[in-house]
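Quick notes on the structure that follows.
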Amino acid sequence: GQQVMQIPQYQHVQEGEDFTTYCNSSTTLSNIQWYKQRPGGHPVFLIQLVKSGEVKKQKRLTFQFGEAKKNSSLHITATQTTDVGTYFCRNHSTNFGNEKLTFGTGTRLTIIP
Amino acid sequence: EAQVTQNPRYLITVTGKKLTVTCSQNMNHEYMSWYRQDPGLGLRQIYYSMNVEVTDKGDVPEGYKVSRKEKRNFPLILESPSPNQTSLYFCASSRGGGSPLHFGNGTRLTVT
């Protein structure tokens with residue numbers, strides 16, 4: 001079955017440093033979604049990537065979908081305290097007509113002011 | 001305002017006492033789903049529903065039941081809760097299975 005690896009599990013960075021989380025799948029994906037969960041909050045949808053090699057930006061956030069559609073990354077440039085939270089990927093794959101939607105285990109980002 | 005409403009936000013109960021967590025969405029979404037979130041394990045799907053009267057097991061369905069009698073509501077039922085069901089639960093909805101999810105605020109359940 002599909003396995004979703006998200007790394008790292010935790011990341012502590014100094015404010016102003018960059019941050020990257022990676023999501024890797026054992027199977028080819030139809031699309032991938034990224035979510036952010038603030039401490040004490042609920043996951044909130046950030047973006048969806050569909051095309052091979054796709055790159056999308058939201059201000060300081062850059063999302064990338066791998067050429068083989070098996071991996072994705074979320075990069076934050078010059079982190080701020082508002083970036084604190086856990087970032088999840090959600091993988092969508094289709095195998096012989098069966099849909100599988102799986103969340104990664106998340107990367108928890110903490111910022112040292 | 002488009003939202004997914006879960007109740008209650010916090011619940012403490014004892015082993016074996018049946019409980020229901022309600023979930024309602026006002027976006028006319030066809031897809032609804034329940035997740036539990038535990039430290040280090042991310043969001044694991046319990047049950048999902050593609051439409052009214054259509055429900056399917058997720059990855060961790062044991063000990064849970066759901067029903068989808070109306071499009072807007074998708075309650076989660078624990079017939080006989082056990083301590084290993086202590087967790088943070090989220091309900092979510094979307095237009096379709098692969099569409100972006102809208103989450104409720106969560107229900108923190110403690111079973112003693």
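Observations, loosely collected:
- For region B:37-112 versus region A:57-113, the inter-centroid distance based on Cα atoms is 22 Å.
- Look at the stretch B:97-106: the mean tally of other chain Cβ atoms within 10 Å of its residues' Cβ atoms is 6.
- Surface per residue (accessible, 1.4 Å probe) for chain B, Å²: 48
- Other residues lying with their Cβ under 15 Å from the Cβ of residue A:52 contribute a combined charge of +2, Lys and Arg counting +1, Asp and Glu -1.
- Residue ranking by accessible heavy-atom surface, 1.4 Å probe, largest first, among A:75, B:29 comes out as A:75, B:29.
- Once the convex hull of all Cα atoms in chain A is built, its volume per residue stands at 91 Å³.
- Peptide-level mean, for B:29-38, of C-beta atoms on other protein chains within 10 Å: 1
- GluC sites (Glu not before Pro) within region A:5-54, DSSP loop, no more than 13 other Cβ atoms inside 10 Å: A:15
- Over chain B: Kirkwood hydrodynamic radius from C-alpha pairwise inverse distances, Å: 13.8
- Computed over protein heavy atoms with a 1.4 Å probe, the carbon and sulfur contribution to the accessible area of region B:1-68 reaches 49%.
- Accessible surface buried at the A:B interface totals approximately 1400 Å², computed with a 1.4 Å probe on protein heavy atoms.
- Using distinct alpha-carbon pairs, which all enter the 1/r mean, Kirkwood radius of the protein assembly as shown in Å: 18.1
- Accessible surface of chain A, 1.4 Å probe, proportion on carbon and sulfur as whole %: 51
- In loop segments of region A:71-113 as defined by DSSP, there are no trypsin sites (Lys or Arg not before Pro) with at most 12 further C-beta atoms inside 10 Å of their C-beta.
- As a calculated quantity, the FRET efficiency between residue A:15 and residue A:55 at R0 = 22 Å, using C-beta atoms, amounts to about 0.30.
- For chain B: relative contact order, % (alpha-carbon pairs under 8 angstrom, 6 or more apart): 36
The values are calculated or read from the model by the stated rules, or taken from the named source; none is laboratory data. All of these numbers come straight from a predicted model, not from anything done at the bench. Note that we place each Cβ from the backbone using ideal geometry, even for glycine, and neighbour counts take in every protein chain shown. Calculation scope for accessible area: heavy atoms of the full protein, side chains included, ligands and nucleic acids excluded. Shrake-Rupley method; radii C 1.70, N 1.55, O 1.52, S 1.80 Å.
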